[in-house]
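The values are calculated or read from the model by the stated rules, or taken from the named source; none is laboratory data. The structure displayed is predicted, hence computed values, not measured ones. Glycine also receives a Cβ, built like all others from the backbone with ideal geometry; neighbour counts cover every protein chain displayed.
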Amino acid sequence: MSSNIFKLLILLLALLSSSILKVTGQVTELPAFIKPDYNYVEFGDSVEFRKVKQGLEQAKTKGFVVAHFGDSHVQPDFSTAELRRILQGIGGDGGRGMIFPYSIAKSYSHSDYKSSYTGNWESANSMHTTPKIPLGVSGFVSKTQDSAATFTITITKPLPIGPKTIKLICENPNNAYTIKLSLNNKVIRGKASESNVMLYQSPVSFDTLSVEISKVKFTDEPFQLYGLVLESGTPGVICHNLGVGGARFDAIQQQKLFKSQIGILNPDLFILDWGTNDIIAGNAIPTGLRENIIATINLIRQLFPNSAIMLTSVQDMNRRGRNITSAKTFSAFIREIALEKKCLFYDWFRVSGGARKMKKWVAAQYAGKDNIHLTVKGYRLKGQLMGQAFLNSLDSTNNNQNLDSLWLGNETMQDLAVEVEKSNSTINNKGSKYYVVKKGDTLSGIAARNKTTVTAIKKANGLKSDRINAGQKLIIRKP
């Protein structure tokens, strides 16, 4: 079965079920503006997706860790909680993942816990262009030099029953501060498991986690808190929510301690879910953004060559009564980078409806009145759709073991049907065929979908640059 025909079949199946979203243990009616026929984790190279597929299949014995980075769309954990639920439904519950007492940082908390604190704390996060305190992997940091300070995290959504491991990521210069951690008011003894990590074991779940920090030695250096990690007593999927409101694609590069702390999480999949704050102010792709994205991808690949990376596009939005048309541009822009760097890609712009759909989201109460942020039910829908996208792509690879790519490119389902028909009727005796360029197409995208190369297309058509125009007819030959 050819790749194009296979893609057509999976899109037809998606259309047949377009009125409902099927997720683990749940069926949700979809709003009319959602485009489920595009709801796949796309890949131009099957090697990258098979890392995820194999990881999820082995998660119950080896564990599988997701590090989901992002901005204010990610920080509250409404969407990532749904993704976590769905992935854990496949690979088991490996734990809640990263948490942070956001009240210290004067920021909003996650959906499943709240926090409080005492003492004088100073904070920074990766929203800041030049953070005044070195940032760690959570994107947040708080420091104190008080003789006594505390913070408390209260779980509002009960954790699954069973033993828990708590990793406290901190910097305690010369052990000048004592750290007393209590679970449900019972003190738990900890030990240093590695540099800047205190390890605690609890035989049962808990509702309240409290930490008391007391200065016991003279020092001019502060105690610094980077976050806590909650893990289960058994292997499974852990989905870390690492969102920071206002963050951009240079966030990881702002985290000076990223290299030394990301190994604590040891992710198998990195989801890079930024973009809104990069494009919204100028309604354009800013100079240097491509370089920032590629530098982030290269850094992750250098540290974790066997881990997968997924890029995402951003949703249509309006700001001060003006449509942010660059959201559509960003979708094509990030798609091209994903193909070039062999990353997975989730086209949230398309799945959420495409251009000028935000008003419909607002009218249906899936988005707030600012026309940028979603409501709770909107974020939950987004997380369910992303989880379903993984399930859809897993199904596709299960149904076709030889599937080497699942790249929807700029095709609609109707475009695919026409293209399959044309490819069957316009192949000439030299093994070539013709392709009519559609709006938004790129040479790299056309090459990937037709299993050829940009160089081969340019040579066959006498092109001296990568510039192509809608309606242009290209000869497609195998390299």
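Here is how the numbers come out for the structure above:
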read-out	value
Filter pass, L15 being in contact with a Pro (Cβ under 8 Å, 6 or more places away or on another chain), in a strand (DSSP E or B), closer than 26 Å to Y366 by Cα and modelled with pLDDT under 95	no
Residue match in the range 212-228 (condition: under 30 Å from the mean Cα position of the chain (by Cα), within 29 Å of F64 (Cβ to Cβ) and of a type in the set (S, T, N, Q))	no
Hits in the range 358-393 (condition: more than 18 Å from G70 (Cβ to Cβ), surrounded by fewer than 20 Cβ atoms within 10 Å (Cβ to Cβ) and out of contact with any helix residue (DSSP H, G or I) (no Cβ under 8 Å at 6 or more places or on another chain))	K359, K360, V362, A363, A364, K377
Flag if R50 is modelled with pLDDT of 95 or more and surrounded by fewer than 23 Cβ atoms within 10 Å (Cβ to Cβ)	yes
Conditions (1) of a type in the set (S, T, Y); (2) crowded, with 20+ Cβ neighbours inside 10 Å; (3) not assigned by TED's automatic domain parsing to the domain that holds F64; number of the one not met by S79	(3)
Hey, D316 in a loop (DSSP other than H, G, I, E, B), of a type in the set (D, E, K, R) and assigned by TED's automatic domain parsing to the domain that holds A338 or not	yes
Residue count, the range 429-458 (criterion: at pLDDT 75 or above and either among the small types (G, A, S) or assigned to a helix (DSSP H, G or I) (or both))	12
Enumeration of residues in the range 170-217 that are outside any strand (DSSP E or B) and closer than 16 Å to T150 by Cβ	N172, N184, N185, V216
Residue list for the range 82-134, filter: of a type in the set (A, V, I, L, M, F, W, C), part of a loop (DSSP other than H, G, I, E, B) and closer than 18 Å to F151 by Cβ	F100, I104, A105, W121, I133
Every residue from the range 139-165 that is of a type in the set (V, I, T) and either outside the structural domain of H128 (by TED's automatic domain parsing) or over 27 Å from T219 (Cα atoms) (or both)	I153, T154, I155, T156, I161, T165
Any hit, the range 315-331, residues being within 13 Å of the chain's Cα centre (by Cα) and not polar (S, T, N, Q)	no
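Here is a yes/no grid of residues against (1) charged (D, E, K, R); (2) without any contact (Cβ under 8 Å) to a residue 12 or more places away in the chain:
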position	(1), (2)
K60	yes, no
H73	no, no
E82	yes, no
L87	no, no
W121	no, no
K132	yes, yes
V137	no, no
T152	no, no
